[in-house]
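The values are calculated or read from the model by the stated rules, or taken from the named source; none is laboratory data. Here the structure is a predicted model, which is why all the values come from computation and not from measurement. All accessible areas refer to the heavy atoms of the entire protein, side chains included, with ligands and DNA or RNA removed. Shrake-Rupley method; radii C 1.70, N 1.55, O 1.52, S 1.80 Å.
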Amino acid sequence: MLRKKFCKILFGSLICLSLSFGSIKVNAQKLYNSVNDFVIKSYEIFLNRNNLDDIGIEHWSYLLGNHNESLYNYMISLVTGEEFLSKNVNDKEFIDMIYELLLNKVPSEEESSYWVSKIQEENNKLNDINSARYEVCKIMFNENFFNEFSYEIGTTPQFQNLNNLGVAELREDYDPKKIEYINNLYKDFNEFEQAISVQSEDSSEDKNVLDVNDIISLLPIFSDSTENEIYEELKSVSSDNIKRLVYALDYKVKLPYDIQESVYISPFIQLDIDNNDDFITLGLSITARNLGKLITKSDIILGNEFIDLEIEYTDQSKYEGKGISVYEFKIKIESVEDLKLLNKILSSDLSKLRFTFDDSNTYVYNLYEKDRVRNTLRFMTNLYSQIVITSLI
């Protein structure tokens with residue numbers, strides 16, 4: 001059964017390779033091979049700079065490529081900066097430059113007339129041509145084509161940094177026995193991981209290789225035994241699912257009502273031997289307040305590389321009117337290469353979580369070196385890998 005599961009993973013990866021991303025209005029990958037190429041071209045068009053060693057190009061390429069700055073903010077800073085404003089271009093030339101950079105084309109007469117008239121309309125209100133162009137750019141850079149372009153070159157259109165909001169970890173008041181139990185549990189995980197690593201180097205002797213039942217016996221959180229005196233207490237913080245190891249074992253989520261916007265991120269791993277389709281799940285549980293009603297897109301990113309998060313649970317009926325949204329995501333691992341990519345992303349100090357809500361607002365969470373979410377995700381990814389590998393031996 002477990003071998004069949006892995007065959008499904010590999011087959012799924014082959015199917016994914018045969019499919020394209022689908023048709024989109026903007027194919028920025030044909031225009032630019034990298035974020036750096038895009039920034040170079042923008043400097044050439046808007047600032048008449050052709051020096052590839054320009055420190056500004058290096059600076060913005062780094063910020064955009066690592067999702068430390070949004071494409072929207074970059075474009076606004078470009079068209080409102082003193083260097084560009086000193087060029088004294090007319091409204092038509094201004095629109096032409098934006099079209100050349102983002103669409104690699106000259107606007108039609110209708111398109112040009114439309115946007116020029118928008119600028120003039122704003123100028124009549126504000127009596128300042130630069131402010132008028134700024135207002136029109138705010139409209140243009142919120143269009144769907146701009147978002148598509150941004151994702152295609154490996155940047156984020158617009159976002160807020162979740163690290164600046166109420167992202168907190170509040171320690172639950174555990175009794176000494178529970179703290180000792182949890183610490184021993186993590187210790188068992190580490191010892192188990194080392195044991196599998198040693199055995200996988202020489203798998204010729206099948207009798208020395210652990211199977212999934214061995215895993216369950218080593219990890220009491222995955223068993224249904226009620227003999228353990230802390231069983232019920234663990235159950236109370238594990239969504240009544242004892243086969244799931246949840247981040248909440250260490251921390252209890254409490255929404256800080258003195259903070260208007262907040263988010264809590266809880267990695268989890270769930271083992272279900274009886275499920276033929278999905279015997280092990282690696283994922284994230286997200287609790288958000290006042291960030292939007294529904295998350296429509298989410299991924300773990302590093303530069304232009306990413307792993308999708310597939311929404312598993314979105315029933316929000318019990319939270320209606322409370323400003324709270326609760327989600328569960330499965331980390332989509334469909335091949336060995338996906339698993340390697342996830343390990344690569346989680347090993348970098350530049351990795352991030354990215355969530356886009358139904359109102360198009362996007363939030364980014366930086367997975368810093370000592371970040372609790374990142375370290376827990378790395379730990380659970382290693383455990384996930386070892387369980388999958390063990391099931392195949």
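With one equal scatterer per alpha carbon and no solvent term, the Debye-computed log10 I(q)/I(0) for the stretch 334-389 at 0.12, 0.24, 0.29 1/Å reads -0.34, -0.96, -1.12. Of the whole protein surface, D53 contributes about 130 Å² of accessible area at a 1.4 Å probe radius. Here the Karplus curve 6.51 cos²θ - 1.76 cosθ + 1.60, taken at θ = phi - 60°, turns the phi angles of the stretch 129-144 into couplings of 5, 5, 5, 5, 5, 4, 5, 5, 4, 4, 6, 4, 7, 10, 6, 4 Hz, with x standing for Gly and Pro. In plain terms, if you count all Cα to Cα distances in the stretch 97-144 and split them into 5 Å steps from zero, the share in each step is 5, 22, 26, 28, 14, 5, 1 percent. Exceedance of the 19 Å cut-off in Cα-Cα distance is limited, within the set K41/K138; K30/K138; K293/K322; K87/K125; K41/K105; K92/K118, to K41/K138; K30/K138; K87/K125. Would you work out what percent of the accessible area of the stretch 82-170, with all protein chains in place, is carbon or sulfur (probe 1.4 Å)? Whole-percent figure for carbon plus sulfur exposure: 42.
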